[in-house]
Structure formats: C-alpha cells, structure tokens
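Engineer: I'd like to ask you about the structure that follows.
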Amino acid sequence: MQFADVLHLDTHGTDTFMGRGPRYPWGGLYGGQIVAQALQAATLTVEDRYRVHSLHAYFVRRGDHTEPIRFEVDRVRNGRSFTTRNVIARQAVGAILSLSASFCIDEEGPEVQTVVMPDVPPPDGLPSEVWSEMFDRRWVPGGRRQGRALAWMRMTQAVGDGSGAQAVALAYLSDDLPTDAVATLFPGAPSLEEFEGAFWSASLDHAIWFHRPLRAEDWHLHEFNCHGMLGSRGLSIGNVFTAAGVHVATITQEVLLRDARGHRGGQAPPG
C-alpha cells in the first residue's frame, strides 16, 4: 500500500469516511496509520484556512487489517480562531480509536524556541532500518539506550503540498519510536533485537502538538525519552527537529509493556 492510499478516505455519508490499512509485519494495523487516517478525516471537515495544532488520541482496541475502518467525525465547534473535531474509528468489534483534534488560524506573535536539538551525526551514511516502504529510519549511533530513542526519519513517498497532508504524515511516523524508549528501561529487558516475542506492547494514548510547518519528506530528528514506568506503563515524550534544529513538534505517548516470557505463544495475559 502507498501512502496516498492511506490518505484516501471514501465518503460514506455525512462526516463519515471509510479507509483501509495493510497488514504489518507484526499483524494487525499500525497505530500511527489509524491516527493519521482519523486526523485526515477531521481535516476533511475543516476549512483550509485552519491548520491542525494538536491532537489527542486513545487506542481502544487492536485494529484488523482484513476489515475497512469507519471514521465518524463530530463537528464539536466551529470558532473564529479555533475549530474542534472528535473522531471515532470503528470496526466490527467496536471503537478502535478515539481522537480529538484542534485547528487554528495562525496569528502574529512572538516566536521563541527553548528546546535544543542534540548534537548527533547527520542521516547521510547511517544505515537504514525500516519495516515499511513508506518511510526511512536511521538510528543515531547509541540512540537506543537508558530510556532513550533517537533516530532520523522521513517519508519516502509523496505526501502532498498542503499543511494538512504534512501533519497527517508526521502523525503516521509519530507512533514508531515511543515504545523503544520505554523498552530500554524495562527491568531485565533483552536487547531490542530480541524484543519481539519477549514482550507484549501496545500504545495506550497519544498526543501531538504541531508547532511549526514541516515537510515530512525531509529528514527530521525524532528524540524520545521515557520519563518513567509505573507497573506496566511507561511515558515517552519526544521532540521533532528539522535538520537545521528547528523544533516542529512535540509528541507524548503512554505505552503498555508486559513481559511475555513464560506465557504460551508469546502473548501476555489479556488486559
């Protein structure tokens, strides 16, 4: 499946859209894909003069790649400066994602950046390690250790010129690294190469603040740090920078991580 296919949603009644996703290497659907499609559905109901500045999502159930996904949009508010949308993504099992997105009109005002991009090697020359043809990911040397995940990422397929499409592309990428930051802090965790089969993980909730315009086809540094674990949950907080060090987005995600070793079939007990 091409990224253009992810962006394409069929209209299925008033403020209702249908989408699909491919089967990913681990089975089921990729959370970033569902977030991206839900944001795309919300964007389709908003005037072009508004751009998304934040989204907040809860992953409710695991998605099934063999079924279409129904996105139901609620036009919560149409304001002069801000517009709000709620989206529920459904399959036969019920809701699989709940997302709220806020859109705004850009205003003149001060622009201050206090977050500083880490001093890391550029992506050129670093090995590529990906699980999808839609994007490229290059880990920074030593970028996966002690609650940290640090990698260069970019879309490899055409995204589109509009700010909405670029934000949707970042939403697609945003679900990839948070689990890595959490996994490195799990007591007795094996190497990340041995992670699959040893642990059962799931994204619980997800938020993005879009600070500045971006081009998702360009290289961006994604820096995630796990701010701690409580029981089986870890909080991962990330910053996204352009190659020039401009801070374009902040991402947070709470990850559910369970030790599956000793459980039949490599599956953790049901939640």
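Engineer: Only one of these conditions is not met by W131: (1) among the aromatic types (F, W, Y); (2) assigned to a loop (DSSP other than H, G, I, E, B); (3) open to solvent by 90 Å² or more (accessible area, probe 1.4 Å). Which number is it?
Structural biologist: Checking W131 against (1) among the aromatic types (F, W, Y); (2) assigned to a loop (DSSP other than H, G, I, E, B); (3) open to solvent by 90 Å² or more (accessible area, probe 1.4 Å), the one that fails is (3).
Engineer: Okay, moving on. Just name the residue that is modelled with the lowest pLDDT out of those in segment 138-172 that are among the aliphatic types (A, V, I, L, M) and outside any strand (DSSP E or B).
Structural biologist: By that ranking, first place goes to A158.
Engineer: Do we find that A95 is of a type in the set (A, V, I, L, M, F, W, C), open to solvent by 70 Å² or more (accessible area, probe 1.4 Å) and farther than 22 Å from N239 by Cβ in this structure?
Structural biologist: No: the conditions fail for A95.
Engineer: Against the condition within 17 Å of W209 (Cα to Cα), among the hydrophobic types (A, V, I, L, M, F, W, C) and touching a residue at least 12 places away in the same chain (Cβ under 8 Å), how does A101 come out, does it pass?
Structural biologist: Yes; evaluated as a whole, the condition is true for this residue.
Engineer: With the condition kept exactly as written, say whether any residue in segment 104-116 is modelled with pLDDT of 95 or more, assigned to a strand (DSSP E or B) and over 18 Å from the mean Cα position of the chain (by Cα).
Structural biologist: Scanning segment 104-116 turns up at least one residue that is modelled with pLDDT of 95 or more, assigned to a strand (DSSP E or B) and over 18 Å from the mean Cα position of the chain (by Cα).
Engineer: Can you list residue pairs whose Cβ atoms sit under 7 Å apart, with the first residue in segment 13-28 being free of Cβ contacts under 8 Å to residues at least 40 places away in the same chain and the second being in a loop (DSSP other than H, G, I, E, B) and open to solvent by 20 Å² or more (accessible area, probe 1.4 Å)? Count only pairs 6 or more apart in sequence or on different chains.
Structural biologist: G28/R62; G28/D64; G28/H65
Engineer: Could you grab me the full set of residues in segment 38-79 that are small (G, A, S) and either surrounded by 14 or more Cβ atoms within 10 Å (Cβ to Cβ) or within 20 Å of the chain's Cα centre (by Cα) (or both)?
Structural biologist: Correct list: A38, A41, A42, S54, A57, G63.
Engineer: Return the residue satisfying two criteria in turn: it lies in segment 201-236 and is crowded, with 20+ Cβ neighbours inside 10 Å and of a type in the set (F, W, Y), and of such residues it is farthest from A149 (Cα to Cα).
Structural biologist: So, considering only residues that are crowded, with 20+ Cβ neighbours inside 10 Å and of a type in the set (F, W, Y), the one farthest from A149 (Cα to Cα) is F210.
Engineer: Could you check segment 80-91 and list, in sequence order, the residues that are in contact with an Asp or Glu (Cβ under 6 Å, 6 or more places away or on another chain) and either open to solvent by 80 Å² or more (accessible area, probe 1.4 Å) or within 22 Å of R23 (Cα to Cα) (or both)?
Structural biologist: I88, Q91
Engineer: Still on this structure: Could we say that Q2 is crowded, with 19+ Cβ neighbours inside 10 Å and either at pLDDT below 90 or touching a Gly at 6+ places or on another chain (Cβ under 8 Å) (or both) here?
Structural biologist: When the stated conditions are applied, Q2 does not pass them.
Condition check ((1) in contact with a Pro (Cβ under 7 Å, 6 or more places away or on another chain); (2) crowded, with 18+ Cβ neighbours inside 10 Å; (3) without any contact (Cβ under 8 Å) to a residue 60 or more places away in the chain) across all residues:
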{"position": "P127", "(1), (2), (3)": "no, no, yes"}
{"position": "R137", "(1), (2), (3)": "no, yes, yes"}
{"position": "G142", "(1), (2), (3)": "no, no, yes"}
{"position": "G147", "(1), (2), (3)": "no, yes, no"}
{"position": "M153", "(1), (2), (3)": "no, yes, no"}
{"position": "T156", "(1), (2), (3)": "no, no, no"}
{"position": "G160", "(1), (2), (3)": "no, no, no"}
{"position": "A169", "(1), (2), (3)": "no, yes, no"}
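Engineer: Here is a follow-up. Restricting to segment 1-48, name every residue that is touching a helix residue (DSSP H, G or I) at 6+ places or on another chain (Cβ under 8 Å) and small (G, A, S).
Structural biologist: G19, G21, G32, A36 - these are the residues of segment 1-48 that are touching a helix residue (DSSP H, G or I) at 6+ places or on another chain (Cβ under 8 Å) and small (G, A, S).
The values are calculated or read from the model by the stated rules, or taken from the named source; none is laboratory data. Since the structure is predicted, the reported quantities are computational estimates derived from the model, not experimental observations. As a convention, Cβ positions derive from the backbone with ideal geometry for all residues, glycine included, and neighbour counts pool all protein chains shown. To get the accessible areas, we keep the full protein, side chains included, count just its heavy atoms, and leave off ligands, DNA and RNA. Shrake-Rupley method; radii C 1.70, N 1.55, O 1.52, S 1.80 Å.
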